[in-house]
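Reviewing the structure listed below.
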Amino acid sequence: MQTLTGQSTTHNVGTQSRMIATIAILLFALAGLISGFAVGAFVRPNQPHQATNSNKPINAPVQGKTGTQTPTPTVINPQLLGIPTIKSFQYSENADGTTNYTFTAQAVDKLQQPLHYAGITCKMWLTHDGKVNNNIPPNRLKAVDTLAQPFPKEVVNALNFASTTPQVQSCTAGQGNWNYSLSSSLDSGTYYLVVLMDWSGIHYNWSWSQIIIKK
């Protein structure tokens, strides 16, 4: 009995050892399998991102923004002009010699569409006579140089123009802009700001706006 018991004890120990070893191997294998899944879970989501980037050039040049450039007015043959569009002016103005005012007009065609072309010359002046049409010189087309001469019924030296916006000027893209003050020698009353646009001494037209001048 003692021998059998001893043999039985030895057999049980060997069996248990083999079971423990088998379990350990299984646990090690399972741990390796779990570890493999864990590594794959971290690595795989990055693969599409890497594949996408592989098609992009390295150190690709960065393109800078191009600044807005003012288009150069196109030169074409002169055509008939419509009545210039007065875009901005002040209805009531003070003859104090210091207050600054602006006047803007745009050259247009016979359909009143803006003309953005080179070769258009503009003149602005002040008159006390409301019959503006009658005061436009009939020989206006002799030469563009005649624009600098006073027109009939023009109040000479009434407008003090800024040096950057002379009375007679080339209209940039068909637009005339004037900055001026009113001479303190002017009397109060109703006046008319007149603008004439001439295209190369061939075609011209004009318009005006009524203003009230105060002392």
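The values are calculated or read from the model by the stated rules, or taken from the named source; none is laboratory data. Please read all numbers here as calculations on a predicted model, not as lab measurements. Ideal geometry is used to build each Cβ from the backbone, glycine not excepted, and the neighbour counts take in all protein chains shown. Quick note on the areas: whole protein, heavy atoms, side chains included, nothing else; ligands and nucleic acids left out. Shrake-Rupley method; radii C 1.70, N 1.55, O 1.52, S 1.80 Å.
Details
- Looking only at segment 180-207, residues that are open to solvent by 20 Å² or more (accessible area, probe 1.4 Å), under 16 Å from Ala158 (Cα atoms), part of a strand (DSSP E or B) and out of contact with any Asp or Glu (no Cβ under 9 Å at 6 or more places or on another chain) come to 2 in all.
- Test for Asp129: is it of a type in the set (Asp, Glu) and free of Cβ contacts under 8 Å to residues at least 40 places away in the same chain: no
Quick grid of which residues meet (1) open to solvent by 70 Å² or more (accessible area, probe 1.4 Å); (2) more than 12 Å from Met197 (Cβ to Cβ):
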| position | (1), (2) |
| --- | --- |
| Ile120 | no, no |
| Trp125 | no, yes |
| His128 | yes, yes |
| Pro137 | no, yes |
| Lys153 | yes, yes |
| Thr164 | yes, yes |
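- If you go through segment 93-103 and keep only what is outside any loop (DSSP other than H, G, I, E, B) and crowded, with 17+ Cβ neighbours inside 10 Å, you end up with Glu93, Asn94, Tyr101, Phe103.
- Of the residues making up segment 145-158, one or more are at pLDDT 95 or above, in a strand (DSSP E or B) and out of contact with any Gly (no Cβ under 8 Å at 6 or more places or on another chain).
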